[in-house]
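Undergrad: So that we are looking at the same thing, I have put the structure below in structure tokens.
The values are calculated or read from the model by the stated rules, or taken from the named source; none is laboratory data. Keep in mind the model is a prediction, meaning the values are calculated, not measured. We place every Cβ from the backbone using ideal geometry, glycine too, and count neighbours over all the protein chains shown.
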Amino acid sequence: MKPLLFLTRLDPLDDALAAKASGLGYSVLRIPVLATDPGSDGPSLVDRIATLDEETAIVWTSRRAAEPLAQALGAGGAKGRFPRMYTLGDESAAPVRDLGCTPFTPATPARAADLARFIAGRAAKDGIRRVLFLRGDRSLPDLPMGLESAGIEVTSLEVYRTRFLEADVDGLLTALQSEDAIVGAFFSPSTVTGLEQLLPAAARERLHARATVLARGATTASELTARGYRNIFHPDAETGFEPIALSVLESAGVSR
């Protein structure tokens, strides 16, 4: 058998990584464990944006939250002007950057709590007293808690909901019975949960011990650690996700 790279989503953003893995001799398995549905506050988003004052910013931490925001802005919610915006990094900013918006992002890979500190450190200079936090139904409280502790008023809007899928994991189960290298990529804590609940207990334990796993960010890496994964890699201040992933694939593929 070949070494395996499994990806816990089905997304064109991963096409380049999948192609590089194939070129290194990997079989590539995409296991979409999540689906995204509209959130309860999504229908009001256009009107909410249209009535924002200059002291209110928009904040989010995932691309899934940015997608309904981009739709609302494109539908005229901004009325010809873009509000001040903050997010974690390039992937979560991409949907609104396509509209010509430039959200503020920390200079290095960050967690939600780091983003809260980043915003709090700029708030006086930027003239920000309040934020709209665009979130999913499974979002963690780190960002709003950090902002509120800094005296910034937070209004949370649920703009998407996450639904777990009954994805096909037969290919991964088969690979776990071999001695070939297994590399997995996780893109949020929810993707960790989504895959874990599809695997029998024995397969989970074998995966934790055998797989080399890539985390899209530090929060996902923390979730993998809590679950018992042994070999975890994620971006640092100098290196982004794709270079780290390619380095791991190159080393894991020749280590067995």
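Undergrad: Exactly one condition in (1) surrounded by fewer than 19 Cβ atoms within 10 Å (Cβ to Cβ); (2) closer than 30 Å to L4 by Cβ is false for P106; which is it?
TA: So the condition that P106 fails would be (2).
Undergrad: Determine whether the stretch 129-141 contains at least one residue that is in contact (Cβ under 8 Å) with a residue 60 or more places away in the chain and under 24 Å from D236 (Cα atoms).
TA: Quick first cut of the stretch 129-141, residues in contact (Cβ under 8 Å) with a residue 60 or more places away in the chain only: 129-137, 139-140.
With the extra rule that they be under 24 Å from D236 (Cα atoms), the set shrinks to 139-140.
For the stretch 129-141, residues in contact (Cβ under 8 Å) with a residue 60 or more places away in the chain and under 24 Å from D236 (Cα atoms): present.
Undergrad: If a residue must be touching a residue at least 12 places away in the same chain (Cβ under 8 Å), over 13 Å from V183 (Cα atoms) and of a type outside the set (G, A, S), how many such residues does the stretch 12-30 contain? Break it down into steps so the answer makes sense when it comes.
TA: If we filter the stretch 12-30 for residues that are touching a residue at least 12 places away in the same chain (Cβ under 8 Å), which is where we start, we get 13-14, 16-18, 20-21, 24-30.
If we keep only those that are over 13 Å from V183 (Cα atoms) as well, we get 13-14, 16, 20.
With of a type outside the set (G, A, S) added as a condition, the list becomes 13-14, 20.
The qualifying residues number 3.
Undergrad: Would the stretch 140-151 turn up any residue that is within 28 Å of A72 (Cβ to Cβ), touching a Gly at 6+ places or on another chain (Cβ under 8 Å), crowded, with 20+ Cβ neighbours inside 10 Å and at pLDDT 95 or above?
TA: Taking the stretch 140-151 as the starting set, the residues that turn out to be within 28 Å of A72 (Cβ to Cβ) are 140-148, 150-151.
Now restrict to residues that are touching a Gly at 6+ places or on another chain (Cβ under 8 Å): none.
Looking through the stretch 140-151, none of the residues is within 28 Å of A72 (Cβ to Cβ), touching a Gly at 6+ places or on another chain (Cβ under 8 Å), crowded, with 20+ Cβ neighbours inside 10 Å and at pLDDT 95 or above.
This table checks each residue for (1) within 16 Å of L34 (Cβ to Cβ); (2) out of contact with any strand residue (DSSP E or B) (no Cβ under 9 Å at 6 or more places or on another chain); (3) not aromatic (F, W, Y); (4) not assigned by TED's automatic domain parsing to the domain that holds R63.
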residue	(1), (2), (3), (4)
S178	no, no, yes, yes
G184	yes, no, yes, yes
T191	yes, no, yes, yes
G194	yes, no, yes, yes
L198	yes, no, yes, yes
R204	no, yes, yes, yes
R210	no, no, yes, yes
A215	yes, no, yes, yes
R227	no, yes, yes, yes
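Undergrad: Could you please find all residues in the stretch 152-185 being of a type in the set (S, T, Y) and either farther than 28 Å from N231 by Cβ or surrounded by 13 or more Cβ atoms within 10 Å (Cβ to Cβ) (or both)?
TA: Step one: list which residues in the stretch 152-185 are of a type in the set (S, T, Y), which gives 155-156, 160, 162, 174, 178.
Result: T155, S156, Y160, T162, S178.
Undergrad: What single numbered condition from (1) assigned to a loop (DSSP other than H, G, I, E, B); (2) of a type outside the set (S, T, N, Q); (3) modelled with pLDDT of 90 or more fails to hold for R81?
TA: Every listed condition holds for R81 apart from (3).
Undergrad: List the number of the failed condition for L115; all other conditions in (1) surrounded by fewer than 23 Cβ atoms within 10 Å (Cβ to Cβ); (2) of a type outside the set (F, W, Y); (3) in a helix (DSSP H, G or I); (4) assigned by TED's automatic domain parsing to the domain that holds E54 hold.
TA: Exception for L115: condition (1).
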